[in-house]
Every structure is written in C-alpha cells, then in structure tokens.
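Let me begin by presenting the structure, written as structure tokens, before commenting on it.
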Amino acid sequence: MNKEEIVAVAVRLFAIALGIYGLNNLPGMVMYFDQDDMREAAYIYAGLSALIVIVAILLWKFPLTVAKKLMPKTGADAEVVSWSYEGVLTCGFIIMGFYFLYYVISDSIYWFYMWKSSVKIFGDVRTELNADQLASIYATVAEFIISVVLIVGSRGLASILLKLRYAALNSSNK
C-alpha cells in the first residue's frame, strides 16, 4: 500500500462520517417545514444537509484523486511500500487534518443555523449569543485554521518535527 492509498482510505472514512452527519440532521429539521415562520430556515438547513451528503458522495467516489492532490509528488518511488519517517508523519498530519475538518464543518453548520435563526427572531445576533457560545465560535475558527495547516502544511510540519527530534537526539549523544 502506498501513501496515496492510505490517505484515500482516510478520505473514505471521512466521507462516511460526513455522510452520516448530513443524514443525521435531516430528521430533526423535518418538523420545521410545517411552521410558516421557520420554513425558510428549514430549506436552508435541508440544502446544507444535501450539500454535505453530495460532498460525502464525491469524496467516496474519488478518494484517490483527493489523496493525490493532498500528497506531495513522489515520482519514481510512488509504489514503495516502506515509508520514511517523513512520509508517515505527512500522512498522519493529513489524516488528523481531515479529522478536525469534520468537526469544523459540523460546528460551522450549527453556528450558521443559530445565526440565521437568531437574526430572524431577534434581529441582532449579539443579543442571543452568550460568552460560552462566542467562545465555541472562536474555537471552531481555530479548529479550521489548525485543519488547514495540518492538511496543506503536512510535509513542512513533518520535516520540522523530524529536525527537532534529530536535533534533540544529537544533543543528548554529545
């Protein structure tokens, strides 16, 4: 199994989790279609859930394409089974990034729905959100930044971590 195939497995696992999340939200939202004042929010929520399921289906159908875009170009050694430490760390950072991205997507949909509902009902978001809710929104933004850094900068993070590891090993041997 090469690096792209392992990342493709992680992409498929992410697709399963994303699809379950998208389908899990649909039953709770059905009751809002009967209420005239919540019908617009119900359509938005249904559209977002459908979009999540569509993204999950696309990730399920094309995991190798996504994995090849995420993994660095390797050239002739693409079929090598044994990995270097840097390759394992790169793959691990990408998998962790997708794991955190799952929570970012689910939390973002929740906060978007809360914002949309509170603007319609109260006219001002700040009157509805307390300090705990604002802290959760900021945590979601931080999770998004961490996810992007883990996915996009996985190779650089792996090389930095290995340099720190070998620097510590070299200094302890002297």
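Annotations
- Cross-link check: pairs K3/K61; K61/K163; K69/K163 evaluated at a Cα-Cα cut-off of 29 Å; pairs beyond the cut-off: K61/K163.
- Computed E for L161/A139 - FRET, C-beta separation, R0 22 angstrom, nearest 0.05: 0.35
- Rounded, prolate or oblate (a/c below 1.5 giving rounded, otherwise prolate when a/b exceeds b/c) for the chain by Cα gyration tensor: oblate
- Gain in span if fully extended, I16 to K61, counting 0.36 nm per residue against the direct Cα distance: 15.1 nm
Just so you know, all these numbers are worked out from the coordinates, no wet-lab data involved. Nothing here was measured: the structure is a model prediction, and the numbers come from that model. Positions of Cβ are generated from backbone atoms using ideal geometry, with glycine treated the same way; all protein chains shown enter the neighbour counts.
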